[in-house]
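*Asks:* Pasting a structure here, questions to come.
Values in this text are rule-based calculations from the coordinates and carry no lab data. Computed from a prediction, not measured in an experiment: that's the story for all the values here. Positions of Cβ are generated from backbone atoms using ideal geometry, with glycine treated the same way; all protein chains shown enter the neighbour counts.
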Amino acid sequence: MPFNTARVLLERERELETLREGLDGARAGEGTLLLIEGPAGMGKTALARAGRAAAGQAGMMPLEARASELEQPFAFGVVRQLLEPVVNQDSGHADLFAGAAGPATRLFEPDERRPLGANVGFEALHSLYWLVVNITDQAPVLVLVDDCQWVDRESLRFLDYLAQRIEGLPVAMLLTGRSPDAAAEKTESLWAHMASRPSAVALYPRPLSQSAAVALARERMGAEAAEEFCRACHTATGGNPLFLRELLRALDAAGVVPSAAAADEVQAVGPAAVSRFVLHRLATLGPAATELARAVAVMGDDSELPLAGRLAGLSEDVAGEAADDLVRADIFVHAERLGFVHPIVRAALYEDLAPGERQARHAAAAEALAAEGAPAERVTAHLLLTTPTGDQRRVATLRSAAADAAHRGGMRAAAEYLRRALAESPAAQERAETLAELGRCEVAIMQFEAAEEHLRTALTLDAALTTRAVAAFWLGRCAIVSGGRSARAAADALASLAGELQTADPERSLELGSELLSVTTAFTQLRGGLAVQLQRFRDQARGHPGFEAVARIHSAYEQILRGEPATAAMEEVEQALATGLPRSAQSNAALLALLALRLGERYELAVQLVDAALVRARQEGHATRQGILHAQRAAITLAQGSLHDAQAEADTGLLLVEESHFVVPLLVAVAITVQVERGELDAADRLAQTGEAFGIANRAHISDFLTARGRLRIAQGRLEEGVADLLWCGERREARGQCWPSDWRAHAAPAVAALGERQLAVKLAREQLAAARRVGAPGALGMSLRTAALAIGEDERLALLREAVSVLERSSARLELAHALADLAAELSRAGGRREGRDAARRAAKLAGQCGATAMAESAMAELHAGPGRRARMELTGPDALTAAEWRVCRQAAEGRTNREVAQALFLTEKTIERHLSSAYTKLGIRSRFQLPAAIGE
Ligand SMILES: Nc1ncnc2c1ncn2[C@@H]1O[C@H](COP(=O)(O)OP(=O)(O)OP(=O)(O)O)[C@@H](O)[C@H]1O
Ligand SMILES: [Mg+2]
């Protein structure tokens, strides 16, 4: 039996106990995160193996992976190692990929040559998480990843995502990694981030003590080994188990007698000489073994014997024998494929090669793998370690690897491969294609500056029209997503290519034309040209119903922005949607249709549209699009006055998009407004600060944010700041030639009045009112009437408030109605209409309570019970007492969804759902799910 398989681990009782406790906890459904950290050779892998054995005995299902330096660029490489065995074993699959896990299937699809393109927005994390949850239905799971310092970035993100949501799952995560200073910079922060989780249990195996060293030395060299000799071994290695074992092995092999006299000899060897020992030991196995070991050091662990043999220049027989020798010497693991027992040994061999030689060997490995038809990404791992040679075949391989990575959602890896492909100096056509693909990946990972540069360069090259069209298309998307980068260049490129393609490929030309409209619509500096463009597009679209519909949507949206009557515009949108939009316009034109419907207050249709799009985005695993859609739903539910739902939608949206995304200002705006309406001004203030920290104030699409912050400041009594925000919003809107929505005016007018600038207040209020009457959307008109009442005051106030109430009664803006009723009640009680006033106050309180507007409900109640000091208390039970999150969970559960389904829909964990439900049951005074619908009045 080889020495190194270490039957016992010395001085690790405490660590093993902790591991066992962690596993027990996981089996009992308390997810645990165990980290083992330490320098090379300290015994991390050995401990992890012990943990794995214990898990196996306890009936847990192990998911294992070992990261390696060479495979670090592979997007989701480690995740695939972890999950592929289970996925392959389970032939039916249906259960594993049930529910939100569905989109993860594409991570396990065989690699194939596919153009980089389809669904670049795929985001694996959420679906992978649910895949793991589904696996736990079979047995408690151990997720074991060794050598995390080399985990690819995407997999590390997933591990972090899982760690964050592990609570309540029968999952133990056991991760090992070198101490951060030795780890690659890129992964350092995420590892540190995980280690800093309060729930993480970190183990730091210590060097072995002197007595342990003595025991090990005597085991190897014989019981008669002298104490001094053994101690010298300990000192020389600092108690590092690997170094100690290697040192002993080397001394043994050299025939050193373990006497006291030999202690000096040991000291002379010095510490950290493992590599020297190993190389020496290897040399004793003969040249074939050395060559094979070198070949595997270059190829990476898990190499096929024939291939490694060929690279080492050995015949198959010789290679086979050499491999056996290496396994016997405990340098290679005993397995079907070749690989090192210790990564440190691989590193020693690898570093022993001269840099030029390493590159040559990687180039040869790439050649050999490509000749065998190995997956492009595997070939690519080697290409990345060679210098460019201008080989055009490499360009093809790298692009194909990029397409595979992108298909799995590894956009960063894809971008890296494409950058490397460019370094191989492809010719103009291929260069343009590669640049366009790269730009597209960079847009997806929000590296806008790089994307801009690459896409613009692609446009200057002498390449096919279709290729430049792709570049122009993505430059347009880049402009939109980034909030205006290169907007003019994008518009110019789209216009000129749409023109060039008009006769050759009218459909494509229209696609570009529709993108052009989106870019032009979005940015103030371009909007001057919109009318002409729209006319041209409409002419060109004749006979293409889908694109005619796109034109309709644009013109309807413009009508609304100009403040024209909503009814006509809404008819246009409805017709357009009934016709159906072309595939390419599904995102931009559809979003514009949604915005128009929102402004025209056609909420029912808008929600239908959002829901249908959400189903699609979920199936595709497109996280960002889901975030955008949740933002729309957040804004709609807010307008309808359901603060609970609005907050939950905004929270969900914020979980799904990156901070720099254009939809973030809207999400934050909704969240702020909800808190303002609730009277939770501190919470609102914190949100505003978060928004500012995201850099929202410097972005293109910030009107919603400015309005929300303005309202917050006014509510805080910081009137001047509030008015400044609202006026700033107004300036921005006017610069765009936009007179609707003019809610900034509505909110500014009463504050301006309170600041004593009556003339300006009246002017703003009247302008607002006139615009609202023209547009005729009842929610906005009602609000405008109410704020005008407050701003203009005295003799007109009562009439305006009465009108506001009657208009709002015809709308779905319940919270706005509550405001109007509350203001009316206050006005009436001043004017002596006590009875009518009490009636209005009662309705206001009830409505406000239903909406979740606690503060307003309380003050309306106070109004009712008039008399100072007698503040009515809100009830702490019943549906009104539910928090936003509880409400949302209850609603979903009441519709008959299981906890898991609710968790998937809300991007939460099942544990969180359980917690919300149990708290909600207490407040509602119910015991079971069946009572829910009645209890929340759904
Ligand atoms: N507590 C121990 N008692 C005895 N031997 C040990 C102990 N811990 C580790 N070893 C032995 O030391 C060697 C190195 O351990 P291991 O491979 O676990 O180190 P590691 O920390 O994983 O190193 P690396 O960072 O290179 O992966 C192995 O041969 C292992 O069997
Ligand atoms: Mg290890």
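*Asks:* Computed from the mean reciprocal separation of all distinct C-alpha pairs, what Kirkwood hydrodynamic radius does the chain have, in Å? Don't skip to the end; give the middle numbers.
*Replies:* Numbers: mean 1/r = 0.0315 Å⁻¹.
Here the Kirkwood hydrodynamic radius works out to 31.8 Å.
*Asks:* So if I take the centroid of the Cα atoms in region 827-854 and the same for region 296-326, what is the distance between those two points in Å?
*Replies:* Result: 85 Å between the Cα centres.
*Asks:* Take the alpha carbon atoms of region 731-789, find their center, do the same for region 893-937, and report the distance between the two centers in whole angstrom.
*Replies:* 41
*Asks:* Which whole-Hz couplings ³J(HN,Hα) result when phi for each residue of region 10-21 is put into the Karplus expression 6.51 cos²θ - 1.76 cosθ + 1.60, θ = phi - 60°, listed in order with x for Gly and Pro?
*Replies:* Going residue by residue, I get 7, 6, 10, 4, 5, 4, 5, 4, 4, 4, 4, 4 Hz, with x marking Gly and Pro.
*Asks:* Something else: Could you tell me how many degrees, from 0 to 90 and to the nearest 10, lie between the Cα long axis of helix 287-299 and the main elongation axis, the longest principal axis, of the Cα atoms of the chain?
*Replies:* Roughly 0 degrees, rounded to the nearest 10.
*Asks:* Residue by residue through region 540-546, what is 3J(HN,Hα) from phi via Karplus (6.51 cos²θ - 1.76 cosθ + 1.60, θ = phi - 60°)? Round to whole Hz and write x for glycine and proline.
*Replies:* These are the phi-based 3J(HN,Hα) values: 5, 7, 4, x, 10, x, x Hz.
*Asks:* Once label points are set 7 Å from the Cα along Cα→Cβ at both R810 and R276, what is their separation, rounded to one decimal in nm?
*Replies:* Each label point lies 7 Å from its Cα, and together they span 9.4 nm.
*Asks:* Can you pull out the GluC sites (Glu not before Pro) in region 206-289 that DSSP calls coil and that have at most 10 other Cβ atoms within 10 Å? Kindly include the intermediate steps, with their values, before the conclusion.
*Replies:* On the way: sites: E219, E224, E227, E228, E246, E265; in loops: E224.
Qualifying residues, ordered by number: E224.
*Asks:* Using +1 on the beta carbon of Lys and Arg, -1 on that of Asp and Glu, and nothing else charged, what's the dipole of the chain about the Cα centre, debye to 20? Write out the running numbers ahead of the final one.
*Replies:* On the way: 103 positive and 121 negative charges, 599 e Å.
About 2880 debye.
*Asks:* Just want the answer: with Cβ charges of +1 for Lys and Arg and -1 for Asp and Glu, which residue in A464, Q429, F340 is farthest toward the dipole's positive end in the chain?
*Replies:* A464
*Asks:* If I model a spin label as a point 7 Å beyond the Cα along the Cα-Cβ vector, how far apart are those points for E658 and A192 in nm?
*Replies:* That separation, rounded to one decimal, is 2.1 nm.
*Asks:* Using the count of nearby Cβ atoms within 10 Å as a rough guide to exposure, how do T912, T176, T466 rank from fewest to most? Don't skip to the end; give the middle numbers.
*Replies:* Values: T912 19, T176 27, T466 13.
Starting with the residue having the fewest Cβ neighbours, the order is T466, T912, T176.
*Asks:* Round to a whole angstrom and tell me the spacing of the C-alpha centers of region 121-148 and region 211-256.
*Replies:* A separation of 42 Å, based on Cα centres.
*Asks:* Oh, and also: Can you tell me the orientation of helix 487-501 relative to the chain, as the angle in degrees between its alpha-carbon axis and the longest Cα principal axis, to the nearest 10?
*Replies:* Long axis of 487-501 versus the principal axis of the chain: about 90 degrees.
*Asks:* OK, next. If amide hydrogens are placed 1.01 Å from N in the peptide plane, which non-local residues have theirs closer than 5 Å to the one on F332?
*Replies:* The answer is V327, V341.
*Asks:* Further, regarding this structure: So, by mean Cβ neighbours within 10 angstrom, what's the order for 26-32, 789-795, 733-739, 437-443 with the highest one leading?
*Replies:* On the way: 26-32: 20.3, 789-795: 18.3, 733-739: 16.3, 437-443: 28.4.
Peptide ranking by packing, descending: 437-443, 26-32, 789-795, 733-739.
*Asks:* What is the local net charge at R346, summed over the other residues whose Cβ is closer than 9 Å to its Cβ (Lys, Arg +1; Asp, Glu -1)?
*Replies:* So the environment of R346 carries a net charge of -2.
*Asks:* Sticking with this one: Enumerate by residue number the GluC sites (Glu not before Pro) in region 524-573 meeting two conditions: DSSP loop (anything except H, G, I, E, B), and at most 14 other Cβ atoms within 10 Å of the site's Cβ. Write out the running numbers ahead of the final one.
*Replies:* Details: sites: E548, E558, E571, E572; in loops: none.
Here no GluC sites (Glu not before Pro) fit, given the DSSP loop and packing criteria.
*Asks:* What length, rounded to one decimal in nm, is gained on full extension from A254 through to A428, with 0.36 nm per residue of separation minus their alpha-carbon distance? Intermediate values should be presented prior to the final figure.
*Replies:* Numbers: separation 174, 0.36 × 174 = 62.64 nm, distance 6.11 nm.
Length gained between A254 and A428: 56.5 nm.
*Asks:* For a paramagnetic label modelled at 7 Å from the Cα of A215 toward its Cβ, which residues of region 27-61 fall within the zone defined by backbone nitrogen distances under 16 Å?
*Replies:* From region 27-61, the list is 43, 47.
*Asks:* Counting every Cα pair in region 279-352, what percent are over 18 Å apart? Intermediate results must be reported in sequence, preceding the final value.
*Replies:* Values: 622 of 2701 pairs.
So the portion of pairs separated by more than 18 Å is 23 percent.
*Asks:* Taking 0.36 nm per residue of separation and subtracting the Cα-Cα distance, what length does fully extending V327 through H865 add? Intermediate values should be presented prior to the final figure.
*Replies:* On the way: separation 538, 0.36 × 538 = 193.68 nm, distance 8.72 nm.
This chain segment gains 185.0 nm when fully extended.
*Asks:* Let me ask something additional. Of all beta bridges DSSP finds with both residues in the chain, what is the antiparallel percent, to the nearest 5?
*Replies:* Details: 3 of 25 bridges.
Percentage antiparallel, nearest 5: 10.
*Asks:* Please give, to one decimal in nm, the separation of the simple spin-label points placed at S918 and Q267, each 7 Å out from Cα toward the Cβ.
*Replies:* Simple spin-label model gives 6.3 nm for this pair.
*Asks:* What is the angle, in °, between the Cα long axis of helix 603-620 and the longest principal axis of the Cα atoms in the chain? Nearest 10 is fine, range 0 to 90.
*Replies:* Helix 603-620 sits at roughly 10 degrees to that axis.
*Asks:* Nearest 0.05, what FRET efficiency do D505 and D160 give at R0 = 45 Å with Cβ-Cβ as r? Please list the in-between numbers first.
*Replies:* Details: r = 45 Å, r/R0 = 0.99.
Step by step, r from the Cβ atoms, then E = 0.50.
*Asks:* Over the chain, what relative contact order in percent results from Cα pairs under 8 Å that are six or more residues apart? Before the final figure, lay out each step's value.
*Replies:* Details: 1551 pairs, mean separation 74.4, N = 938.
Reported as a whole number, the value is 8 percent.
*Asks:* Could you calculate the FRET efficiency of D90 with D317 from 1/(1 + (r/R0)^6), where r is the beta carbon distance between them and R0 is 60 Å, rounded to 0.05?
*Replies:* Calculated transfer efficiency: 0.95.
*Asks:* If you consider only alpha-carbon coordinates, what radius of gyration and Dmax does region 884-935 have, in Å?
*Replies:* That works out to 9.7, 27 Å for Rg and Dmax.
*Asks:* Then there is this: Short version: ³J(HN,Hα) in whole Hz for each residue of region 51-65, in order, from phi by Karplus 6.51 cos²θ - 1.76 cosθ + 1.60 (θ = phi - 60°), x for Gly and Pro, what are they?
*Replies:* x, 5, 4, 4, 5, x, 4, 7, x, 7, 8, x, 10, 10, 8
*Asks:* Determine, for each peptide in 33-43, 775-785, the mean count of other beta carbons within 10 angstrom over its residues, then list the peptides with the highest first. Could you put the intermediate results ahead of the total?
*Replies:* On the way: 33-43: 22.5, 775-785: 24.6.
In descending order of packing, they fall as 775-785, 33-43.
*Asks:* While we're looking at this one, here's another question. Assuming 0.36 nm per residue, please report the length gained on full extension of the stretch R616 to Q586 beyond their Cα-Cα distance.
*Replies:* On the way: separation 30, 0.36 × 30 = 10.80 nm, distance 1.10 nm.
Contour length minus Cα-Cα distance gives 9.7 nm.
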